[in-house]
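As structure tokens, the structure follows; a few thoughts come after it.
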Amino acid sequence: MKIYNYLLNTVSQKGAAYLVLLDPDKLTDNDLSRFITHCEHSGVDGFLVGGSLMINGNFDDFLSKVKSITTLPVIIFPGSENQICQSADAILFISVVSGRNAEHLIGKHVLAAPLIRKYNLEPISTGYIIVESGSITTAEYMSGSFPVPKNKPEIAAATALAAEYLGMKLIYLEAGSGADNPVSNEMVKAVSSICSVPVIVGGGIRSPQIAREKIKSGAKILVTGNYLEDENNWSLIKEFANAVHVKIPITV
Ligand code: 1GP
């Protein structure tokens, strides 16, 4: 419960937590160290590592490098059961509750659970809700499931509540990496107001203003990935952190 408690404490102290997604396919060794250091100095609260599809990256090597660079929590955000590695601090144990594909609801988990135990990784059970966001996203395609229609916040809310009743400790509202549009404020509000566990929002968030809107709508953890893959956008990381940390005074 160490990392889950860290997230809860961060939410309680700062109002919300800001996590940055590191995709092993997208960052070179050289950029990785500079990027992580930049994130640390800009107020990021931790890192997610993973991707729905990995083509070039070596997950274990990448994760070990990340851990050797940062003291912030490093949490696996697995795109598959192959993305489990001993050097991480925790793993989001994700069930794609928006879909009806048994493999992604429980099947992959049966394969993953013994390894997670062997590695003594902290599993954080997460109800993962993929939301329609424009073009079909990799997460949507790879999970082989229909997303929740973007104009149906009540479906997302009922799904999240069911996940919470099943014992899940986080709800992840996911528009998909690089999504055309983020999850709507209305949907974030509907889910956050019905759930008592923290709601993560990610996918297609490209400005601190949009990040702040999601927090004001009730999100407790915000994730960005794709937008920061362009070094020209790194200067905005601090603004993203300030936009998320609604309880602490803004620093420039
Ligand atoms: C994807 O929610 C994350 O799983 C982050 O999305 O890469 O679009 O920021 P982006």
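So here's what we get for this one:
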| quantity | calculated |
| --- | --- |
| Alpha-carbon Rg with Dmax, taken over the stretch 74-174, Å | 13.6, 42 |
| Computed Kirkwood radius, in angstrom, where 1/r is averaged over Cα pairs of the chain | 17.8 |
| Order by protection proxy (mean Cβ within 10 Å, highest first), peptides 153-160, 47-54, 169-176 | 169-176, 47-54, 153-160 |
| Using distinct alpha-carbon pairs, which all enter the 1/r mean, Kirkwood radius of the stretch 90-135 in Å | 11.5 |
| For the stretch 6-32 and the stretch 143-175, distance of Cα centres in Å | 22 |
| Above-threshold pairs, the threshold being 32 Å between Cα atoms, out of LYS152/LYS247; LYS108/LYS220; LYS118/LYS169; LYS26/LYS108; LYS152/LYS220; LYS67/LYS189 | LYS67/LYS189 |
| Overall Cα dimensions of the stretch 62-110 - principal axes, largest extent first, Å | 39, 17, 13 |
| Overall dimensions of the stretch 173-252 as given by Cα atoms, namely Rg and Dmax in Å | 12.3, 38 |
| Segment TYR141-ARG117, length gained on full extension (0.36 nm per residue, minus Cα span) | 5.7 nm |
| Sites matching trypsin sites (Lys or Arg not before Pro) across the stretch 87-153 that sit in DSSP coil, with at most 13 neighbouring C-beta atoms within 10 Å | ARG100 |
| Cα convex hull of the stretch 135-224 - mean projected area over all directions, nm² | 5.4 |
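Readers should treat all values here as calculations from the given coordinates under stated rules, not as data from a laboratory. Note that the coordinates shown come from a computational prediction; the quantities given were computed from them, not determined experimentally. All Cβ positions, even for glycine, are placed from backbone atoms using ideal geometry, and neighbour counts span all protein chains on display.
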